[in-house]
1. Mind checking the angle between helix 151-165 and the chain's longest principal axis? C-alpha axes, 0 to 90 degrees, to the nearest 10.
2. If amide hydrogens are placed 1.01 Å from N in the peptide plane, which non-local residues have theirs closer than 5 Å to the one on residue 205?
3. Check which residues have an amide H placed less than 5 Å from residue 145's amide H, if you skip close sequence neighbours.
4. In this model, which of 85/123; 42/94; 73/318 are farther than 26 Å apart at the alpha-carbon?
5. Helix-derived [θ] at 222 nm for the chain: sum -39500 (n - 2.57) over DSSP H runs of at least 4, divide by residue count, nearest 500?
6. Let me have the relative contact order for the chain, percent, based on Cα pairs under 8 Å that are six or more residues apart.
7. Projected area of the chain, taken from the Cα convex hull and averaged over every viewing direction, in nm²?
8. Round to the nearest 10 and give me the degree value, 0 to 90, for the angle of helix 240-250's Cα axis relative to the longest principal axis of the chain.
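A short reminder: the numbers here are calculations on the coordinates, not readings from a lab. Nothing here was measured: the structure is a model prediction, and the numbers come from that model. No Cβ is skipped: glycine too gets one built from the backbone with ideal geometry, and neighbour counts run over all protein chains shown.
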Amino acid sequence: MNKNLVFYIVLSVCIVVSFGFTCFYFMKALNYTVTVTAEQAKLSHDYHFVLIGQEFDNPYHKKVLEGAQTAAKEHDVLLEFIGPKQTNIDEHTKLIEMAIAARVDGILTQGLTNREFKPVIDKAISKGIPVITIDTDLEDSRRVAYVGTNNYEAGKQMGEALAEATNGEAKVAIVTGILYANNLMERVQGFLDVIENYPDIEVVAMESSNISQIQAAEKTYQMLRNHPEVTAFFGTSALDGIGIAQAVTKANLQEDILIFAFDDLEETMELVEQEKIFATLKQEPYEMGYQGVSLLVQTMKGQPIPKINYTSLEVLYKKRVGEIDE
Ligand code: BGC
């Protein structure tokens, strides 16, 4: 066979194979799995919903999924769960676009940022697909309803917990998941609005962890280095408190620094038990998923639903203030 021909055949095969791998890993990285068509879904279930989480493997979003699955079983809903591997606004909004293209019956998603999420949520609504925001609301959008924490109130409760525990005197560093996520901005704002009333509480630094435990630990090391005066940390998303505790323990400062965290993941509760995290704000992710699916079903049936559905909040401690060792 002509040498040139062999060369071109081998080259073409290589290109096709490498293109195939690129596509495969690209899809895998995004967890693009809206796999069921509207027609297939109709054959087996009453409704087809998609739940889009900020991160596919994040333990907090797994709890939302568990609640959503329970409600899906009760209402004969085919529920798909998708999400970026690591938090990424573009990928997240693309997943909403994909759910719209797949003509699902309803979408559950966070409304993380106004600029990027509003157009795509409004697009779903204009195509007749109801969207319920969970965990993070987007009031400005045409979403049907919100289910989740009152995040401003949650931030205020953590501000009050810190003020009480420190007797109104602290140098605080904040590790916040994402600087521009609506829910986390509201938490920080609620926190700041409370501590503003305490002249001897000062926030000396704030960094983003990209909702990653490793980055939360890294940012904590940095802040401890740059601000040795810090006496308290506030972590605003589920893995921040764990990362902060890791860094503070490694620096052997657990006796000198109080940590305020978010959520009651197993590891967080172990750290509360060991008194490495002083207090954590318990949200209800399971309930968010459960109610989210149930309310979407009601919407599909034409039943009216409340626009705002706040889930409960509780500050959990190992020791309450007053029991703290001097
Ligand atoms: C927040 C979620 C976030 C998660 C990250 C939770 O506290 O409510 O919005 O995705 O933390 O781990």
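1. 30 degrees
2. 174
3. 133
4. On the way: 85/123 24 Å; 42/94 24 Å; 73/318 36 Å.
The answer is 73/318.
5. Values: 11 runs with 155 residues, N = 326.
The helix-only estimate for the chain comes to -15500 deg cm²/dmol at 222 nm.
6. 17 percent
7. Values: hull surface 88.4 nm².
The number I arrive at for the chain is 22.1 nm².
8. 50 degrees
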